[in-house]
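The values are calculated or read from the model by the stated rules, or taken from the named source; none is laboratory data. Please read all numbers here as calculations on a predicted model, not as lab measurements. Here Cβ is always computed from backbone atoms with ideal geometry, including for glycine, and neighbour counts include all displayed protein chains. Keep in mind that these areas ignore ligands, DNA and RNA; they rest on the heavy atoms of the full protein, side chains included. Shrake-Rupley method; radii C 1.70, N 1.55, O 1.52, S 1.80 Å.
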Amino acid sequence: MVKLLQLAALGLALSGVSTAVKPKPPACRGMTKREEWRNMKRSDQKAYTKAVRCVMTRPAKLPKLKALGAKTRWDELVMLHQVEALQIHSTGTFLPFHRYFLHVQQFLLAECGYKGGLPWWDEPLDAGNFINSPLLDPVTGFGGDGTGPGNCTHGPFAGLTVNIGPGFTNNPRCVNRKINDFFSDLTNQTYVDDALSKPDYASAWMAIYMGPHLFGHIALAMMDGNSITSPGDPLFFMHHGFVDKMWWDWQARDLPARLNDMNGPNAQSPEIGFIEFDGSIAEEAAAQGWGSPSPAMLAITPDPKNGDNGGTETTLNHVMSSLGIIPDATIRDVMDIQGGYLCYQYV
């Protein structure tokens with residue numbers, strides 16, 4: 001509560017104003033379908049996990065990311081989340097960036113021949129019982145609860161190495177997670193409905209972020225439970241498909257207005273940091289063992305004000321960077337999932 005009061009007092013999230021633009025008419029043809037995992041054909045599930053394994057073993061391409069420790073294309077994806085962590089969490093950019101981040105993942109999967117839509121996880125169906133979810137099946141899912149000293153998971157990603165993380169360090173680790181069903185219960189439909197009931201983006205992104213999004217992460221404890229490099233676990237993208245669908249469902253309730261509703265800080269305040277943790281950025285880093293971005297990492301970190309007229313408020317013109325994996329995009333580009341830049345639907 002103290003954090004939220006600080007945030008409001010600084011005017012960083014809860015008092016933002018929308019940037020009004022006229023929505024572009026749909027220019028999307030041949031939409032891909034994002035299916036809930038358990039509704040996919042088994043052949044499509046296999047194609048997806050095969051492509052993820054391919055990305056996780058395909059050599060890194062970008063010299064600036066390789067220099068920082070990326071060894072695979074998957075490492076590059078995780079490093080993108082790592083480098084920009086303090087801009088894309090506890091900020092108004094959280095939802096649009098992670099929608100863009102899923103788009104980056106889709107591009108990398110296409111390099112490995114995957115042509116389908118991204119799957120997602122309807123977490124309320126398994127709330128309170130993640131441990132028995134079909135998504136954690138070792139054969140038809142993503143592997144289950146981690147075991148052994150490293151909490152390494154079994155299943156299709158067993159034996160693979162992620163070289164990025166934890167935090168701002170880079171130490172090779174297995175794909176790992178630790179399920180906690182006390183917290184998974186807090187991804188239930190009541191919390192989803194609460195987020196979808198919010199009247200504006202300022203309150204909706206906060207309810208999604210601090211509600212089902214946060215509880216899902218805590219329940220899964222992916223990659224040592226580390227917020228900064230949790231995309232090392234492929235299950236991250238299923239969770240964030242769920243988060244993105246929540247945002248789209250919220251938008252769809254008043255699409256003409258909500259395609260333009262964007263605000264909130266474009267970077268964390270040093271005094272507040274992650275709103276889910278106590279303390280400043282420096283205090284959180286020390287408590288969580290994240291470390292700090294190195295000078296080389298800071299040298300490639302995008303300007304969080306890019307596109308925002310030098311201000312601290314997130315606008316539709318805010319520029320999102322993938323550090324060279326795909327071209328940059330603006331938040332305006334990703335507001336409509338069927339607007340042309342993006343072209344998909346949830347089924």
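In the set (1) buried (at least 22 other Cβ atoms within 10 Å of the Cβ); (2) part of a helix (DSSP H, G or I), the condition left unmet by residue 282 is number (1). Would the range 158-166 turn up any residue that is over 28 Å from residue 296 (Cα atoms), surrounded by fewer than 23 Cβ atoms within 10 Å (Cβ to Cβ) and either without any contact (Cβ under 8 Å) to a residue 24 or more places away in the chain or in contact with a strand residue (DSSP E or B) (Cβ under 8 Å, 6 or more places away or on another chain) (or both)? Among the residues of the range 158-166, at least one is over 28 Å from residue 296 (Cα atoms), surrounded by fewer than 23 Cβ atoms within 10 Å (Cβ to Cβ) and either without any contact (Cβ under 8 Å) to a residue 24 or more places away in the chain or in contact with a strand residue (DSSP E or B) (Cβ under 8 Å, 6 or more places away or on another chain) (or both), which makes the answer yes. The sole residue among 95, 125, 109 that is buried (at least 24 other Cβ atoms within 10 Å of the Cβ), modelled with pLDDT of 95 or more and outside any loop (DSSP other than H, G, I, E, B) is 95.
Checking each residue in the range 54-80 for being open to solvent by 90 Å² or more (accessible area, probe 1.4 Å) and either at pLDDT below 95 or in a helix (DSSP H, G or I) (or both) picks out 63, 64, 66. Answer yes or no as to whether residue 165 is of a type in the set (Gly, Ala, Ser) and either within 19 Å of the chain's Cα centre (by Cα) or farther than 26 Å from residue 48 by Cβ (or both). Yes: the conditions hold for residue 165. Mind checking whether some residue in the range 231-254 is surrounded by fewer than 18 Cβ atoms within 10 Å (Cβ to Cβ) and assigned to a loop (DSSP other than H, G, I, E, B)? Looking for residues that are surrounded by fewer than 18 Cβ atoms within 10 Å (Cβ to Cβ) and assigned to a loop (DSSP other than H, G, I, E, B), one finds at least one in the range 231-254, hence yes. When each of 155, 117, 159 is tested for being modelled with pLDDT of 95 or more and on the phi < 0 side of the Ramachandran plot, the lone residue that passes is 117. Checking 324, 273, 289, 264 one by one, the residue that is touching a residue at least 24 places away in the same chain (Cβ under 8 Å) and exposed (fewer than 15 other Cβ atoms within 10 Å of the Cβ) is 289 and no other.
Each residue in the range 147-190 was checked for being part of a loop (DSSP other than H, G, I, E, B), among the small types (Gly, Ala, Ser) and within 19 Å of residue 288 (Cβ to Cβ), and 2 pass.
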